[in-house]
Amino acid sequence: MTTFDIAGPDQPIPARRYDPTAAVRHTVILAHGAGAGQAHPWMQARAEALAAAGIRVVTFDFPYMTAGRKVPDRAPGLLAAWRTVVEAVAAAEPGIGLAIGGKSMGGRMATMLMAESAPPASVRGVVALGYPLHPPGKPEQLRVDHLSAIRVPLLVVQGERDPFGSPDEVEREFAAAGAYPALVRVPGGGHGFEVRARDARQADVYATVVSAVAGWLDTLQPAAAL
């Protein structure tokens, strides 16, 4: 793992790069969730596992996390940081086709970036790891209005016990909003794909998630075709 800074409009954005030991199959940028940054063990473990599968992973901290604030910035600030990171990674690897995504809020912001009127041209797919479809206990507060504007493939990995939305809810509400992602269901999984010991072996669940993400990345349009 290599740490580096990305020049931001107001302050540097701390980032990390996880490089495969073998040939790089793809590059994916992953953003953290609302409550924990890129150094959280969950983020590090998923990035390391993807790197072991031949995927170069770049992670970063949103400015509010760097500043030590507990409450995330509003969407425009988060999206500005996302765009800065994508542009920097794309510039460092000219011609590459990136995938972007992340955990919970980070993945949702990635979908919102790609729903903008002029999304980054280098991005060829979005991965949402535990999409926060609605706040827990508030299924009427859906976060789907932007989804129909996304023009690249979308993968959603969702735990069956996720309080932010079950796979069935994701499938139904995304379709109602005009979006049809590839959907990976995590049996017995929570928001971070955690499972009860009686249901499955946790390491096996995480390995299945990483395998599903890596396999889906293989289906994306090659960078040369962008």
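Every number in this text was worked out from the coordinates using simple rules, so none of it is lab data. From a predicted model like this one, the values you see are computed outputs, not experimental measurements. Glycine gets a Cβ as well: all are built from the backbone with ideal geometry, and neighbour counts include every protein chain shown.
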From the helices alone, meaning DSSP H stretches of at least four residues, give me the mean residue ellipticity at 222 nm for the chain, per-run term -39500 (n - 2.57), in deg cm²/dmol to the nearest 500. -9500 deg cm²/dmol
Relative contact order of the range 2-225 (C-alpha contacts under 8 Å, at least 6 apart) in percent is 17 percent
With Cβ to Cβ distances under 14 Å as the rule, what net charge do the other residues near residue 25 carry (K, R +1; D, E -1)? -1
Amide H contacts under 5 Å for residue 25, placed H, 5+ residues apart: 55, 56
Looking at the range 1-98, which trypsin sites (Lys or Arg not before Pro) are in a loop (DSSP not H, G, I, E or B) and have at most 12 other Cβ atoms within 10 Å? 69, 70, 74
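With N residues in the chain, what two-decimal value do you get for its Cα radius of gyration over 2.2 N^0.38 Å?
For the chain, the normalised Cα radius of gyration is 0.94.
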